[in-house]
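For reference, the structure is listed below as structure tokens.
The values are calculated or read from the model by the stated rules, or taken from the named source; none is laboratory data. Quick caveat: nothing in here was measured; it's all calculated off a predicted structure. Reconstructed Cβ throughout: ideal geometry from the backbone, glycine too, with neighbour counts over all protein chains shown.
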Amino acid sequence: MQKNNMATTNPSLHSSTRRWVVLLAYTAVAGVSQMLWLNFAPLISMLQDRYEVSEFMAVSLTLVFPLLYVILSLHAGAQVDRRGYRVTVGAGAVIMAIFACVRIYDSNFYALLIGQTGIAVAQPYIVNGISKLVADWFEEEKHGLTTGIGTIGMFLGMALALAITPALVDTYNLQFAMIVFAVVALLAALFFLLTVKENETNLESHAGENEPVSFKTLIQNSNLAALFVISFLELGFFNGLTTFLEPMLAERSIDAETAGLAGGMLIVGGIVGSAIVPALSDFVRRRKPFLILCAVASLFFVYPLCTAERFSMLLVLGGITGFCFLPGYALLFAMTEEHAGAAHAGAATGILMLTGNAGGVAVVLAMEAIKGMVGNWLTSIYLMIALLVFATLIAFRVRESIHAQ
């Protein structure tokens, strides 16, 4: 598949500051979408008591996101290629802000569910634009760093949701918290709409490149297919780990607050790692060794993290695991764009995120089923380790992408 280096042929981009403003605006919108997704994750018990709903109904406020991502991801990726990331991500940002406002009506549980569903619809149209935007504004040797910055925004949004939402609800009330997040969503959407546009220096030289490509063509590319499988395995692992870390640690007499801090350190470590590892990948002009290293290094820390019994060790292991594993997220985005070509980055990213979210749902269900059969979480921990082993083996088969032609 033809590799399109949009930004490398435009020396003027190297001195431009506008591209960093564009990246910042995208990072803000993507981060807010992740924050709105996890607002209710730390409030499950409170929601059950307040609205007298089942645990499943309370969890559905977050579960609706990966489910709708699987349904809409391909369409979102195709729209990024056809209409451009400004229109597609911008529309997603507007929808996100509108439904964030719906959640202010907190006297009814179903108003919250409608709001979350609308935000979940918007999320694929926001997140799937990252590869296209980076390829449009930045030269190839900065793709790892800039994609890493975009994913840092997502991780930061997740961390803020888990840390700030309970504090706002405890200090004020749920409605006040929803007002705060609605204002943040509106500001992020406005910032994006006012500052982001396609790179005009590329429009003429790349006219006609955004012809639709069939998803079958992308899947038949052996390197992309391997990346899609890795996405299924690794995002499945991450969803399983973050969903069940608290009950796994409860078997070791670790309370929920301590488990939450360990989960927070996982995200913090990922933020630091995503600022360093993709930049190193750019510097040495290699992606594959770092993708392999992210999976291999994580293998050594998963079992100790899930079975630790000391507070200090939990925090250290959480931070190290996040530092090692989460930069692989940015590398998968970068490698997908580099193998698919910038003209088809949206569609390829759509498939990558579809398979990743499908893996997230499948692994969570599998881990819960295994726990029900054997009565403890140990076998599920072994399943997560196996996922990383398979992801590592497949990563060895992927061709180096930064030189893909």
List the residue pairs whose Cβ atoms are under 9 Å apart, where the first residue sits in segment 254-273 and is free of Cβ contacts under 8 Å to residues at least 12 places away in the same chain, the second is crowded, with 23+ Cβ neighbours inside 10 Å and part of a helix (DSSP H, G or I), and the two are 6 or more positions apart or on different chains. D255/L249; A256/L249
Taking segment 49-90 only, how many residues are of a type in the set (S, T, N, Q), over 24 Å from F238 (Cβ atoms) and surrounded by 16 or more Cβ atoms within 10 Å (Cβ to Cβ)? 2
Need pairs with beta-carbon distance below 9 Å; first residue at negative phi and within segment 102-120, second part of a loop (DSSP other than H, G, I, E, B) and hydrophobic (A, V, I, L, M, F, W, C); sequence gap 6+ or separate chains. F109/V53; A111/I104; L112/F40; G115/I104; Q116/F40
So which of A76, A120 ends up being farther than 15 Å from V196 by Cβ, modelled with pLDDT under 95 and in a helix (DSSP H, G or I)? A76
Tally up the residues in segment 45-90 that are within 29 Å of Y26 (Cβ to Cβ), free of Cβ contacts under 8 Å to residues at least 40 places away in the same chain and over 17 Å from the mean Cα position of the chain (by Cα), please. 2
Evaluate the following for I385: is it farther than 23 Å from H143 by Cβ and either touching a Cys at 6+ places or on another chain (Cβ under 6 Å) or not assigned by TED's automatic domain parsing to the domain that holds G236 (or both)? no
Do we have T146 as touching a residue at least 40 places away in the same chain (Cβ under 8 Å), touching a Lys or Arg at 6+ places or on another chain (Cβ under 9 Å) and part of a helix (DSSP H, G or I) here? yes
With criteria (1) at pLDDT 90 or above; (2) surrounded by fewer than 17 Cβ atoms within 10 Å (Cβ to Cβ), F333 comes up short on (2)
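Table: residues versus (1) in contact (Cβ under 8 Å) with a residue 24 or more places away in the chain; (2) crowded, with 24+ Cβ neighbours inside 10 Å.
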position	(1), (2)
A279	yes, no
F283	no, no
L291	yes, yes
N357	yes, yes
A362	yes, no
A369	no, no
G375	no, no
F390	yes, no
Can you give me the number of residues within segment 113-152 that are surrounded by fewer than 24 Cβ atoms within 10 Å (Cβ to Cβ) and under 19 Å from A100 (Cβ atoms)? 5
Is there any pair with a first residue in segment 20-36 that is farther than 13 Å from L156 by Cβ and a second that is of a type in the set (S, T, Y) and surrounded by fewer than 24 Cβ atoms within 10 Å (Cβ to Cβ) whose Cβ atoms are under 8 Å apart and which are 6 or more apart or on different chains, and what are they? V21/T195; V22/T195; A25/T195
